[in-house]
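**Q** The structure that follows is given in the form of C-alpha cells.
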C-alpha cells in the first residue's frame with residue numbers, strides 16, 4: 001500500500017496555501033482543463049445530458065460487477081491470457097513479483113496507473129532489485145525527483161519548469177534548459193532505450209469491456225501503447241470497478257473520459273488489448289508480448305460496493321476532472337491529501353480505503369461547493385457522499401469502524417438541537433450570546449477577534465456582530481408596520 | 001408600481017435564515033419591503049428558528065432532523081414559503097425529503113413543504129413574473145453566485161435579471177463569479193487558512209471589477225466576503241440582493 005499521510009492534511013494545507021507557485025500552476029491547469037471540460041460537454045452532439053447516460057452505464061456495471069468480471073476473465077483466459085483476482089495489495093504485489101521472477105525481469109516500463117501508486121508497486125519492484133521506469137512524462141519527472149504525483153492527469157503539476165530543468169541537468173546529464181520542448185525531447189531520448197531494454201511492461205486499465213474481453217489503455221503520449229507492446233510480458237493492474245458491459249458503452253464513456261480529463265474529444269492513443277500475441281500455425285504474428293497478465297484488484301473496493309451510500313464512488317473512471325475544478329484542491333495541491341487519490345475523488349475514496357477517522361480531514365476539509373459534481377463525466381454526486389462520511393464521523397458507524405466521539409462540537413450541536421425547537425429558548429440563547437459578544441474587540445462596528453475555537457475566522461477577516469435586535473424581535477415589536 | 005401579482009399566490013410565509021435573523025435583520029426588512037411593493041402579503045411565523053443546515057453539514061443528522069421537523073411544522077400550512085437564502089432553500093428542497101425518508105409520514109410532509117419553498121429572487125422572477133421592482137442604485141454592481149444557489153438550485157439568471165432592471169446601476173460581471181468564496185459554513189472556522197485563501201481570490205475578483213457593491217443571495221457568503229473587505233479597509237459593500245432592490249439606505 002502507498003504511504004498514508006492523511007493525518008497531515010491540516011499541516012500540509014497550512015503550508016500549501018502560501019505556495020503561490022503551486023497556485024499559479026494549478027490555476028493554469030484548471031483554466032485550461034477544467035473550463036475546457038465544461039465547454040466540451042456543451043459541445044457534445046447529445047448535449048451535456050450524456051453524462052447522465054454515462055452515469056447509468058456505470059451504475060449498471062457496478063450493479064453487475066460479478067457477472068462482468070467473470071465474462072472478462074473467461075474470454076481473456078480462453079485467448080491464453082492469465083487472470084489473477086487479487087483481494088488486496090499484498091496479493092497483487094505477490095503475483096506481479098512472481099511473474100517478474102518467472103521471466104527473470106530486470107527492468108519494467110510503466111504506463112501511468114493510479115492503482116499502481118495505491119499498491120506501492122514501484123517500491124515493491126525496487127525492493128526486488130527490479131528497475132521500474134515511469135514512461136508518462138509527468139510521472140517520469142516526478143520519479144526522477146524522488147517525489148510523488150500530485151494530480152491524476154498531470155502528475156508534475158506542482159513542479160516549475162525551472163526545477164524540472166535543473167532536475168534533468170542533474171539526473172540526465174544534459175545542459176540546463178527550461179524550454180519544455182527541449183526537456184521533452186531529452187525525456188524521450190532517455191526513455192527510448194528504457195522501452196527497448198525493458199523485460200516487462202506494467203499498465204493500468206481505463207475501462208475493460210466484459211462483452212469482448214478487452215482492457216483499454218488511453219494516453220496522449222503513446223507511452224502506454226509502447227510500454228504494453230514492446231516488452232515480452234505485459235501486466236495489467238485493474239481496479240475491479242473499471243469495467244463496463246458492452247463495447248457500445250465505450251463510445252459514450254471514452255468520449256466523456258477524454259473531455260473530463262482534458263477537454264479533448266478523444267485521447268490521442270486508445271488501445272484495446274485482450275491478451276498476448278496469438279500463436280498460430282497458419283500465420284506468424286510478429287508484434288506484441290509473449291505473455292499477458294491481468295490482475296483484477298479489490299483492496300477495499302468490495303467493501304465500498306457493499307455500502308449503498310458509497311457504491312456510487314466506484315463509478316469513477318479516474319479522469320481527474322474533479323481536480324480541475326475544485327477550489328480547495330487549487331489551493332492545497334495533491335500532496336496535501338496524503339494518498340494517491342486527491343481532490344474530490346480522493347476526499348471520498350481515500351477515507352473509505354484507509355479509514356474514515358484516519359482521513360477525516362479529507363472529507364471535512366471541503367466546502368461542498370458542488371463544482372466536482374458538475375464536471376464529473378459520469379455525474380457522480382461527491383458532495384452527497386462527503387456529507388454521508390461526515391455523518392459517520394459525527395454519529396459513529398461500527399461497519400466502518402467509526403466511533404462517535406463526545407467532543408465539544410458534539411456537545412455544542414446537542415445543545416443547539418435543544419434551543420432550535422423552541423423560539424423562546426432560541427431567543428434566550430441569542431440574548432446570552434449578545435451579552436458575551438460585548439467582551440470581543442471591535443473596530444468600526446465589526447468584531448476583530450473571536451476566542452477559540454472560532455479564532456481562525458478573525459485571523460484574516462472581521463466579523464459582523466450579532467445585531468442588537470434580531471429580525472424576529474424587530475418584527476414582533478412593530479406589528480402595525482406589517483401589511 | 002403595477003401589481004404583476006401571480007394570482008395564485010397572495011400571501012407568503014417568510015423564512016428568515018438564522019444568520020439574517022441574528023446579524024443582518026435589515027436584510028429581512030428589505031425582503032419584506034420588496035415583497036410588499038410587489039403586492040404580496042407577508043406573514044412571518046414567529047416560531048421559526050433554523051433550517052438545520054449547520055448541524056446537517058457537520059454530520060449531526062439526528063439533530064438536523066429535529067430542526068427539520070420544527071421547520072415543517074411551522075411552515076407546512078403556508079401557501080408559499082420564501083427565503084432570502086440559496087443554502088436554506090437547498091437544504092429544504094434537496095435534503096429534507098432524504099433526511100426524513102425513514103418515516104413515511106414525515107417524508108411526505110417534507111415533500112409538500114419543499115415543493116412550495118422558494119428562494120427570494122426565484123420567487124420574484126419565476127413565480128410573480130417580476131423583474132422590475134422599481135429599484136434605484138447609482139453605482140457599479142457585481143454579483144457573487146453562491147454555490148447552493150447557483151449549482152445547487154440552478155438559480156443564476158434570475159438575480160441578474162433583477163439587477164439588470166435597477167435604475168442607475170451599472171452591472172459588471174466578475175471573473176469566476178460562481179467559484180466558491182470559501183465560506184462553506186463551519187469549514188470557515190475549522191479550516192480557516194484554506195477558507196481565507198479562497199476568500200482572497202473572491203475579493204481580488206470583486207475589486208478588479210471596480211464595483212461599489214457586491215451583491216449575492218446568501219448571507220453566509222456575504223458575511224465572509226464582507227469580513228475580508230472590512231479587514232482590508234475596502235469601501236466596497238457586500239449586500240444581499242433584497243437590500244439593493246429595496247433601495248434601502250446603503
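**Q** Please tell me if residue B:32 is under 26 Å from residue B:163 (Cβ atoms) and at the interface with chain A (Cβ under 9 Å from one of its Cβ atoms).
**A** Yes, satisfied.
**Q** Check B:54, B:97 and return the single one that is touching a helix residue (DSSP H, G or I) at 6+ places or on another chain (Cβ under 6 Å), surrounded by fewer than 24 Cβ atoms within 10 Å (Cβ to Cβ) and within 21 Å of residue A:369 (Cα to Cα).
**A** Selected residue: B:97, the only one of B:54, B:97 that is touching a helix residue (DSSP H, G or I) at 6+ places or on another chain (Cβ under 6 Å), surrounded by fewer than 24 Cβ atoms within 10 Å (Cβ to Cβ) and within 21 Å of residue A:369 (Cα to Cα).
**Q** Please work out which one of (1) over 15 Å from residue B:139 (Cβ atoms); (2) outside any loop (DSSP other than H, G, I, E, B); (3) within 17 Å of the chain's Cα centre (by Cα) is the condition residue B:205 fails and give its number.
**A** Here residue B:205 meets the rest and fails (3).
**Q** Here's a follow-up. Looking at B:190, B:204, which one is out of contact with any helix residue (DSSP H, G or I) (no Cβ under 6 Å at 6 or more places or on another chain), more than 9 Å from chain A (Cβ to nearest Cβ) and free of Cβ contacts under 8 Å to residues at least 12 places away in the same chain?
**A** Of the residues listed, the single one that is out of contact with any helix residue (DSSP H, G or I) (no Cβ under 6 Å at 6 or more places or on another chain), more than 9 Å from chain A (Cβ to nearest Cβ) and free of Cβ contacts under 8 Å to residues at least 12 places away in the same chain is B:204.
**Q** Can I ask one more? For the stretch A:18-100, give me every one of the helices (runs of 4 or more DSSP H) that falls completely inside it and has 2 or more residues that are under 29 Å from residue A:120 (Cα atoms).
**A** Result: A:20-29, A:50-63, A:65-78.
**Q** Now for a different question. Would you mind telling me which numbered condition in (1) within 19 Å of the chain's Cα centre (by Cα); (2) part of a helix (DSSP H, G or I); (3) at the interface with another protein chain (Cβ under 7 Å from one of its Cβ atoms) residue B:49 fails?
**A** Here residue B:49 meets the rest and fails (2).
**Q** A follow-up question, please. Check A:125, A:72 and return the single one that is in contact (Cβ under 8 Å) with a residue 12 or more places away in the chain, farther than 30 Å from residue A:150 by Cβ and touching a strand residue (DSSP E or B) at 6+ places or on another chain (Cβ under 6 Å).
**A** A:72
**Q** Here's something else I'd like to know. State which residue is nearest to residue A:408 (Cα to Cα) when the search covers only the stretch B:151-177 and only residues that are more than 9 Å from every other protein chain (Cβ to nearest Cβ) and in contact (Cβ under 8 Å) with a residue 60 or more places away in the chain.
**A** The selected residue is B:153.
**Q** With over 28 Å from residue A:339 (Cβ atoms) and more than 9 Å from chain B (Cβ to nearest Cβ) as the only criterion, which of A:375, A:432, A:420, A:356 stands out?
**A** So the residue among A:375, A:432, A:420, A:356 that is over 28 Å from residue A:339 (Cβ atoms) and more than 9 Å from chain B (Cβ to nearest Cβ) is A:432.
**Q** Residue check: is residue B:59 within 9 Å of chain A (Cβ to nearest Cβ), within 19 Å of residue A:471 (Cβ to Cβ), modelled with pLDDT of 95 or more and not in a strand (DSSP E or B)?
**A** No: the conditions fail for residue B:59.
**Q** Quick test for you: out of B:86, B:185, pick the one residue that is within 26 Å of residue B:225 (Cα to Cα), surrounded by fewer than 20 Cβ atoms within 10 Å (Cβ to Cβ), within 15 Å of the chain's Cα centre (by Cα) and in contact (Cβ under 8 Å) with a residue 12 or more places away in the chain.
**A** When all the criteria are applied, what remains is B:185.
**Q** Of everything in the stretch A:446-467 that's loosely packed, with under 14 Cβ neighbours inside 10 Å and within 9 Å of chain B (Cβ to nearest Cβ), which residue is farthest from residue B:47 (Cα to Cα)?
**A** It comes out as A:459.
**Q** Which condition from (1) free of Cβ contacts under 8 Å to residues at least 12 places away in the same chain; (2) within 14 Å of residue B:194 (Cβ to Cβ) is the one that residue A:306 breaks?
**A** Answer for residue A:306: the failing condition is (2).
**Q** Further question: Out of the residues in the stretch B:11-25 that are assigned to a helix (DSSP H, G or I) and in contact (Cβ under 8 Å) with a residue 60 or more places away in the chain, which is nearest to residue A:435 (Cα to Cα)?
**A** By that ranking, first place goes to B:23.
**Q** Quick check on this structure: which one of A:51, A:78 is exposed (fewer than 14 other Cβ atoms within 10 Å of the Cβ) and either touching a strand residue (DSSP E or B) at 6+ places or on another chain (Cβ under 7 Å) or touching a residue at least 12 places away in the same chain (Cβ under 8 Å) (or both)?
**A** The conditions single out A:78.
**Q** Could you check the stretch B:178-187 and list, in sequence order, the residues that are closer than 11 Å to residue A:328 by Cα and more than 7 Å from chain A (Cβ to nearest Cβ)?
**A** Result: B:181, single match.
**Q** If only one of A:256, A:183 is part of a helix (DSSP H, G or I), touching a helix residue (DSSP H, G or I) at 6+ places or on another chain (Cβ under 8 Å), without any contact (Cβ under 8 Å) to a residue 24 or more places away in the chain and within 29 Å of residue A:325 (Cβ to Cβ), which one is it?
**A** Selected residue: A:183, the only one of A:256, A:183 that is part of a helix (DSSP H, G or I), touching a helix residue (DSSP H, G or I) at 6+ places or on another chain (Cβ under 8 Å), without any contact (Cβ under 8 Å) to a residue 24 or more places away in the chain and within 29 Å of residue A:325 (Cβ to Cβ).
**Q** Scan the stretch B:70-102 residue by residue and report those that are within 13 Å of chain A (Cβ to nearest Cβ) and under 15 Å from residue B:45 (Cβ atoms).
**A** B:70, B:71, B:72, B:73, B:74, B:83
The values are calculated or read from the model by the stated rules, or taken from the named source; none is laboratory data. The structure presented is a predicted model; accordingly, all values stated were derived computationally and were not measured. For neighbour counting, all protein chains shown are included, and Cβ atoms are generated from backbone atoms with ideal geometry for every residue, glycine included.
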